[in-house]
Amino acid sequence: MGLSGFRKRIVMIIGCCLTGACVIFVSWGCARTSRTNESIIQGSSKTQKEKSQPPRGAMTVKVYFFKGDKLVEVERRVESTDPLKAAISNLLAGPTSSEKSEGISTAIPEGVRLISSSIESGVARLDFSEEMKKYGGGSTWVIAIENQIKKTVSANCRDVENIEIFIEGIPSEESLQP
């Protein structure tokens, strides 16, 4: 066998290896897709079998909590068509028990409700219930609350340039006093 015959064999062996690798890769991807397509949407106990795409209204929101003195991102899978309300609702719900066991916490007091939210001309306006005032006082705490809210909104609403926070209709600068 001459040199050109040897090259042909090498090319054929490489081609077979690449074909085999492609088959394995595609098979692995299909198997992985079938496992991940059966998911449980947080807040719902029913399992949904997804065929080719997630159910309408299913999305992932990013929520910011504290781990020590650092803000950390937590992703939550939710059923919603409104990323702002979904993100804020998950923020107000606080860390899950497993997140708490990992040292994740929130500066936002328990029982706070979102009264209203809107985005107009790049400005997000969020009005929270009076329970927000039960944070215990201190300028550091106020900054922590505002940072959690602002980082969560910014991560989920790319078109927002400014965020206004209200407590029962009063701007947070006036209602959240240290």
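Read-outs throughout are calculated quantities, based only on the coordinates presented, and are distinct from any laboratory measurement. All of these numbers come straight from a predicted model, not from anything done at the bench. Every residue, glycine among them, receives a Cβ derived from its backbone with ideal geometry; neighbour counts consider all protein chains shown.
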Trypsin sites (Lys or Arg not before Pro) in the range 135-178 lying in a DSSP loop, each with at most 16 other Cβ atoms within 10 Å of its Cβ, come to Arg158
Sorted by average packing, counted as other Cβ atoms within 10 angstrom per residue and highest first, what order do 112-124, 58-70 take? 58-70, 112-124
Looking at the range 58-175, send over the antiparallel percent of its DSSP beta bridges, to the nearest 5. 75 percent
Under 5 Å from the placed amide H of Glu164, counting only residues 5+ away or on other chains, we find Ala124, Arg125, Leu126
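Could you work out the Rg to Rh ratio of the range 58-175, with Rh taken as the Kirkwood radius (inverse of the mean 1/r over all Cα pairs)?
Details: Rg = 13.4 Å, Rh = 14.3 Å.
Answer for the range 58-175: 0.94.
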What list of ³J(HN,Hα) couplings, whole Hz, do you get for the range 88-101 from phi and the Karplus terms 6.51, -1.76, 1.60, once you set θ to phi - 60° and write x for glycine and proline? 5, 4, 5, 5, 5, 5, x, x, 6, 4, 5, 5, 4, 5
Cα-based Rg and Dmax for the range 91-149, where Dmax is the largest Cα-Cα distance (Å): 12.9, 40
